[in-house]
1. Only bridges with both residues in chain B count here: give the DSSP antiparallel percent, nearest 5.
2. Among bridges DSSP assigns within the protein assembly as shown, what percent are antiparallel (round to 5)?
3. If you keep only loop residues by DSSP, which trypsin sites (Lys or Arg not before Pro) in the range B:204-254 have at most 12 other Cβ atoms within 10 Å of their Cβ?
4. Do any GluC sites (Glu not before Pro) in the range B:67-118 lie in a DSSP loop with no more than 12 other beta carbon atoms within 10 Å, and if so, which?
5. Multiplying the sequence separation of residue B:70 and residue B:295 by 0.36 nm and subtracting their Cα-Cα distance, what value in nm do you get?
6. What stretch of chain A, leaving out the sites themselves, is the longest with no GluC sites (Glu not before Pro) in a DSSP loop having at most 14 other Cβ atoms within 10 Å?
7. Quick one: which residues, 5+ away or cross-chain, put their amide H under 5 Å from the amide H of residue B:228? H built at 1.01 Å from N.
8. Nearest 5 percent is fine: what portion of the DSSP beta bridges confined to chain A is antiparallel?
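Coordinate-derived values only; no laboratory data. Please read these numbers as outputs of a predicted model, since none were measured by experiment. Counting neighbours? That spans all protein chains shown, and the Cβs are built from the backbone with ideal geometry, glycine included.
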Amino acid sequence: MTQPEPLTHARIDLRRFDRNLAVVRGRVAPAETMFVVKNDAYAHGVDVLVPRAARAGIRWFGALDVETALRLRALVGGSARVFAWLLSARDDLGAATEGGIDLGVGDRAVLEAAASAATDRPVRVHLKIDTGLNRNGVRAEQWPFFVARAAQLQSEGRIRVEGIWSHISEASDRDDDDARRLFDESLVAAEGVGLAPEYRHLAASAASFLRPEFRYDMVRIGAFVYGISPSGGPHEPELGITPVMSLRTRVVEVRSGEAILPIGAWHGVPSAAAGLVPVGAGGRRHTVVRIERDWMSVNAGGLLRQDDEVVLFGPGDDGEPTATEWAEAVGTIGEEIVVNVDRRIPRIYR
Amino acid sequence: MTADSRRLSVDLDRLTANVRRYRAAARGLVARVDHDGFGLGLLAVARACAAAGADMLAVADLDEAARLREHGVETPLLALRPVGAVRRGARVHAAAGSPHEAAAAVSRGAEAVHLVVDCGGAVRGVRPQDAGELAHAADGAPVAALMGVADASTPRTRASAALAAAAEIAGGIPRHLHGTAGVLAGHGADDDYVRVGRGLYGIPLPDRSPTGSPVARLTGRVVTVKRIRAGEGVSYGYIYRAPADGWIALVTGGYADGVPRSLGNRACAVVNGRRVRIIGRVAMDVLVVDLGDVTARPGDEAVLLGDPGNGEPSVSEWAAITGSDPVAVMAAIGPRVVRSYAR
């Protein structure tokens, strides 16, 4: 039996995805692009996007943890590099090593655990310096000891230092400049103990696009490949990217001038956005009136009819705002809007 | 991180006790297990509700109904919307508030409909005073029950009267209207069923008053423990700066797991029995806590949501920060979080 297209679904536009990926790579070249696909490719679906990116020539994938990394390894085969960085000494680093995963290590205990997981070939590690974010990463005063130990483990053939990396706060250009200075100092310190790895990486989407001096050998990009721009700008048109996901549904009923949609806070629509954002339908915008648990309503404006397709957010083809515009309305970022789209809403690729 | 680094633990004894309590308040209980069992896991929650005496289970749509049938759940099922894939023989009722919905229900394999009746301020359903509409609303589909709906501002007694009037016209079929708030206010005893969701899970009402003992507990784990110096920032945007030297911990749990980004600097976790503050922006996968004088090690559990009776952070605390209904907090817990069940 042929099933009709689901009433509510997230459309993933593969041509826009391809274009964003090409724009990103062109912009940051000659730096390598690591495509960050944690959280099921920001809720777009790794099963489709990861093999597609690999065919387009992406050689590095950012996984988050060992579990995700091993899943990606199965998707991309042996030659691509897969990077995992949320690690603890309790993790199955043996399986990660066997899977040829690159490990982002920002902690002495994890460094030792990684080295212990070495088999006949060394474990590939990227040493993380904390340049101010105070999440994972080795503090600057501990860095000399950390790189000295890493150099020793490398000489013993247990690890191979493939990279040195960090993560910036994007609090301000000045804060990021401070972070970059610290990063450069830590590279010098590493070189002092004989570590000069092939991949130095510091920047994610925004800095890699807007501040070339942050690119080094590789950048780690998620948001921009999915077409998600920063809140407060620069926005998609200035960046040359377009949103890949559009969240779509249909009017189930029109009542007292309100068109009722069968999607609500339970599906990830932020209830605080009621009254603050429009949706798009047939090129026109209709203001959101209410967002309840499992339904919402928009101003029908005398135009919307039962079964009409409505787009909550997307690239704008039907008049809809972007996910970032929703985010700005409720004081957050586009990533939070997109990754919270209920995973049970079907993804339709086209 | 290991697979158990993000966990939602469901206490089935508490769930059972809550179900029995609401079941005792009426002649019958329709237990709402829709939206994946309010985010706790459809199958386990449905089985526990059925075992505890629920007479019928309400699911979101025909897809959730089919999932339960495929896994051997035999309890009567009500799909709250007549959407989802077409399946025959699933022995499911579907709610329908218009001829259009009734036709959709039948064409997608529902056996009968529960006719949705607008008992005040609802955006769905037929109006009870309109006898002609009542007769035709189901458009020939068999009507198994009347399902009253009303907005929160409609007085419960008026909604009850509206449904009773409709029942008189329709004649002799079961009816249900009241949910958690109605039952707690003493309504529903005269109806065939009450239709309860959040109370079964101990999720507070929108005004944050309690409904039962909380059944779920969301935990992350400490990844690393490290020093911070006075004046240093934490996480994106440096919205937090350390007032003094101290110790901080990186903890699994981020906005992709349903920990709202806006909790940074405003909510707490519990580590080793003590409350610690979440500092800096909550990121997609992790958050940072100020350990103060609490001792912690990598692998230690961090309770993000739990039972306020035990000093753990509550759904209400989060809802107060995000301005949302507590029920939306629980349903937002992400797919990466492992659900586990214990008695």
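1. On the way: 31 of 62 bridges.
So the antiparallel bridges in chain B amount to around 50 percent.
2. On the way: 54 of 115 bridges.
Given both bridge residues lie in the protein assembly as shown, the antiparallel proportion sits at roughly 45 percent.
3. Working: sites: B:208, B:217, B:221, B:226, B:227, B:229, B:241; in loops: B:208, B:229.
Counting only loop positions with at most 12 other Cβ atoms within 10 Å, the trypsin sites (Lys or Arg not before Pro) in the range B:204-254 are B:229.
4. On the way: sites: B:70, B:74, B:101, B:111; in loops: B:74, B:111.
Passing both the DSSP loop test and the Cβ count: B:74.
5. On the way: separation 225, 0.36 × 225 = 81.00 nm, distance 4.75 nm.
Once the chain is fully extended between residue B:70 and residue B:295, it gains 76.3 nm.
6. Excluding the exposed sites themselves, the longest stretch runs over A:1-155.
7. B:246, B:247, B:248
8. Numbers: 23 of 53 bridges.
Approximately 45 percent, going by the DSSP bridge assignments.
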